[in-house]
1. Please compute the alpha carbon radius of gyration of segment 102-173, then divide it by the globular-protein estimate 2.2 N^0.38 Å. Two decimals is fine.
2. Over segment 99-196, what is the mean sequence separation of C-alpha contacts under 8 Å (at least six apart), divided by residue count, expressed as relative contact order in percent?
3. Plugging the Kirkwood radius over Cα pairs into Stokes-Einstein for segment 321-361, at a temperature of 10 °C and a viscosity of 1.306 mPa s, what D comes out in µm²/s?
4. For a quick protection proxy, order the peptides 480-486, 216-222 by their average other-Cβ count within 10 Å, most packed first.
5. Once amide H atoms are built 1.01 Å from N in the peptide plane, which residues 5 or more positions from His819, or in another chain, come under 5 Å H to H?
6. Using the Karplus curve 6.51 cos²θ - 1.76 cosθ + 1.60 with θ = phi - 60°, work out ³J(HN,Hα) for each residue of segment 784-797 in order, rounded to whole Hz, and write x for Gly and Pro.
7. If the viscosity is 1.567 mPa s and the temperature 4 °C, what translational diffusion coefficient in µm²/s does Stokes-Einstein give for segment 714-757 when Rh comes from Kirkwood over Cα pairs?
8. Are there GluC sites (Glu not before Pro) in segment 211-313 that DSSP marks as loop and that have at most 16 other Cβ atoms within 10 Å, and which are they?
Amino acid sequence: MAVYFLLTVILLESFVSIPVYTLNKHKNSDQSGPAGQSGKLPSSGALHNDGGTSDLIGCDRIEVEDVWVQGIPKLLTESAFRLVDVNQDGVLDVIMGFMTGTESSNLPQVVCDIYFNGTDPCRGGLMALEGLTGRELWRHYSRHELFGVNCNVDIDQDGVLDCLGGGRAAAFEAVSGKEGKLLWTFQNVDAKRRMSNFYTPQYIDDIDGDHVPDILAIHGGDPIAKPYSETREAGRILLVSGATGQIIRWMSVPGKTESYYSPQVYFQVDGTKVVLFGTGGETHKGALYAITLQHLLQGKIEMARAIYTDNFKGVQTPPVLVDLTGDGVVDIVINPFNSTVVAIDGNTYSVIWNWTFPMSETYSTPGAGYYNDDDIPDFMVQFSFGPGFPMYYHAEVNIIDGKNGKPLLDHGIRSSLGAQSSQLSVSMEGKGHDLFLYWIGDCQGHEAEGGEFRFVNGTNVHKKSRWDPCKLRYKSKMFSKFLAVSSSIKPPGALIYYSEERIRQEHDSWVNTSALAEEYLRKHPDARLKAKQHNRKMRPKQHSSRFSKEDYLQGASLPKGQHSPGAKKGPSLQPQDDNHATRSRSSPTKKPSNNLSRQNETPHLNSDRGRQTLNKTPDNRRRQNVKEHPQPYNNNSGSKKRGGWSEERSLPQAMKKRRRKKRHVGPHDDSGFQRLLSTGMIAPPTLAKDHPDYGHSMDVVFATYWIFPAKNKTLLTEDEKCVDKMMGEEAQRFDPGNKYYGLDHDAYGHVAEDECAAKSHHQMNDDGVYESQSTFDAFNLHMGQMTVYRLRLKCTCSQVTNTTTDKRCAKMLPFENQHWPAYMGKKGDSHWFQAT
């Protein structure tokens, strides 16, 4: 199942004047490097920053300053950020993907006419922002959202790196980095799956001999399938010409299972190139495979070897590739979806270590950096806890020791909501001084509270992806924070960004899209009729959003207390030689102990683990506690029962009159709610190199966005008791004098849920502003705002004074030496970057 969100907001008008706040105009000469694999890494201590000198202490005082803030209406993003010097001014510019919320397979042209000045297509694309000021340099529109971005090669050889963009509904394009013009788009009829996505592509060798590196990509996913449906679209591995976008070769993944994975390429000890790819989804089994690039070029997919398997969940998130064992070959540190962090030897495929967070799942790639004082990188991870996809009650962040796989924090950093974005690090001098950057979402007055809930039965997929969790669970307000943690900055860490302090900026550029539609109808009175005629021919279909990830709220909710198949089971690793044991640079190989029953460690590679069973509570709201009687209202024509229930009505028409909602064309009072999907990126400081703060400063670029919610209802523990009581009184629906008379069993259960949610106010108010696919109206769309930030981080040491002579404060490494500054690493290839 797809991991990413279904969104049907339509965003972005076109080139709107936007305030930009610029604080510094010093230029920086750092450049983005050329394409290429990171290759073999130096062994042992050579991995570490500056050798770990003992006269350094870690910085513990962070100051944050705005470089610029750019508000962009009607846009959203789930994209990775990449840096390219687009305008050749010596300052790296920002390239990112975006979406406009119009993810409908048959979107009427009038939507683009109203909200995007006739731009067609208008569903998503790539854009470039000037690194120095944040002003928009160019914007390229695509047929669908683009989120998997790779800008490592100058395809058209004009001196500026160009960008590949993979995205939703078979969108895969190459775009000029210099001008934003389309270089090519993927159109192969035989290989193309219309509803399947593309993820972050990778460059490989020049296969077709045209002197442009060619491309490895995964084309897969079944975003409109039901969560536990047996039939899924098989993922496909594509080899594509980098110069033209033409297919060189394609094949289905082993087992013809689904795939949502961004592939990797790395070198074995003998120089052999190995390709990694994953299969499976949230509710379907999968594996991590390794195959030589040569076998892939020959089409010998049967030579792929499953090096990690899970019989219930898939492998979806990219790993960190870094040499943990010192053998000169990168190892694989990955968060499979189901509960586990595992390190796999990249040479032998044996297990180095693994750690399990029971009853959890994750969409985040680990963030790599040095937290403790050894010379092996550590890994920040984030997991969501609950009964399983798509229901999570709280989230936790922890840091895993790269040497042995054990948590380094005594207690995980808990929040009610968490985030789907991945973690970054700022590399520092010395041992164990790196800053780990991460996002959390939480609810005011209910921080880290968690607690069980569920959606009322019948809530559709799209509405779940647009719910306001804090309002529905706690009658509270959501907030988000971007934080920095290190061995010198204790959890939860130093504050970089706090959404409550940015409300004005994140609404300054908002555009009232309802008013735009009203104006359009005045000028084009026949537009609505034409749109209806279009809809008669083609009914819009839902697409999912995936971040890249991905969307944990997609699909039907599991009933309360019920866990997804495999809740007691978990992944297994391929059987290894009995002599294998945990290895690291500082500990010799030794045989594993027979006692492997530690609480959080995987007991055995093929035994039950991971998602332990929670205390179950009866969830069957349709339980047969009342004998069924013949229903008094049956339609003689054999159509739907009069007493039936639908999402549009919670009571029969005789009990509640339906009212047409008035168009909202004035300013919206509701500020919407924020989503946390895009990771952001570390960037060189926009300071002169002789500036006194230069060595202690680094910039971070990221985006936030807010949208209007769907009108949802949730049930908490007190609501479940209310529903139980009403279900115990179900006999009243057979009384002709009772208001529930005429409802069938299912309809009565829905009414019980609706009334109990309304009684506790765990539903959205009738007078709010909402956006839902079930009530889609091309002439009354409500859109929010995306805001892109470039902030300067300055980190100094409070312990160091002018009189201190034996210690000095660790500085930030230059940007060109930053190890893990972006999603999937510096070059988007999952390699821990090591300067040579």
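1. Working: Rg = 13.9 Å, N = 72, 2.2 N^0.38 = 11.2 Å.
Computed over Cα atoms of segment 102-173, the ratio equals 1.24.
2. Details: 190 pairs, mean separation 18.0, N = 98.
For segment 99-196, the relative contact order is 18 percent.
3. Working: Rh = 10.5 Å.
Once the numbers are plugged in, D ends up at 151 µm²/s.
4. Working: 480-486: 23.3, 216-222: 26.0.
Final packing ranking: 216-222, 480-486.
5. Ser427
6. Here the 3J(HN,Hα) series is x, 8, 9, 10, 9, 10, 10, 10, 9, 9, 10, 10, 10, 10 Hz.
7. On the way: Rh = 10.5 Å.
So the translational diffusion coefficient is about 123 µm²/s.
8. On the way: sites: Glu230, Glu233, Glu258, Glu282, Glu302; in loops: Glu230, Glu233, Glu258, Glu282.
Here the sparse-neighbourhood loop sites are Glu230.
Read-outs: derived from the displayed coordinates by stated rules, not from any lab. Here the structure is a predicted model, which is why all the values come from computation and not from measurement. Note that we place each Cβ from the backbone using ideal geometry, even for glycine, and neighbour counts take in every protein chain shown.
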